[in-house]
């Protein structure tokens, strides 16, 4: 997906909490990956190639989101980044959000994107 973004097909947006969650999941699912190397290569490349992807999300906005509590930071990042789509395999935690129901933000699985 990042290759498609680098080719200009879409503009990624993420926040530090999103990247922290991704980092934890990758390192948990792949214990052979060295955390320092992952930080230097994968996260470092994301910072270098997509410097405008990083958004800062105020906690008050996170609190205003009405989707599943543990994923409110994701929807808030979409709002701050003016994103119209969130790509995730975890679509269930976003279904009941007013932003999703209104069509302002679309939730799609990576396989559908």
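FYI, it's all coordinate maths here, none of it is from the lab. Not measured: the values here are computed from a predicted model. Counting neighbours? That spans all protein chains shown, and the Cβs are built from the backbone with ideal geometry, glycine included.
Of note:
- Note on the chain: GNM, Cα springs under 10 Å; of 52, 34, 68, the largest mean-square fluctuation is that of 34.
- Only helical runs count toward this figure. For the chain, summing -39,500 (n - 2.57) over DSSP H runs of n ≥ 4 and dividing by all residues gives -10500 deg cm²/dmol at 222 nm.
- Between residue 85 and residue 10, the simple spin-label model (points 7 angstrom out along Cα→Cβ) gives 0.4 nm.
- Candidate values (i) 30, 17, 14; (ii) 24, 16, 14; (iii) 27, 18, 10 were compared with semi-axes √(5λ) of the Cα gyration tensor in Å computed on the shown model; the agreeing label is (ii).
- Förster radius 35 Å - calculated FRET efficiency between residue 60 and residue 34 (Cβ-Cβ, nearest 0.05): 0.40
- Using C-alpha pairs below 8 Å separated by at least 6 residues, the relative contact order for the chain is 24 percent.
- Segment residue 70-residue 108, length gained on full extension (0.36 nm per residue, minus Cα span): 11.9 nm
- Structure remark: mean-square fluctuation, Gaussian network model of the chain, C-alpha springs under 10 Å; the largest value among 58, 31, 12 belongs to 31.
- Taking 70, 13 and counting other C-beta atoms within 10 Å, the order from fewest to most: 70, 13
- Helix 16-29 and the longest principal axis of the C-alpha atoms of the chain enclose an angle of approximately 60°.
- With a cut-off of 20 Å on the backbone N, the residues of region 48-70 near the modelled label site 7 Å out from residue 27 along Cα-Cβ are 48.
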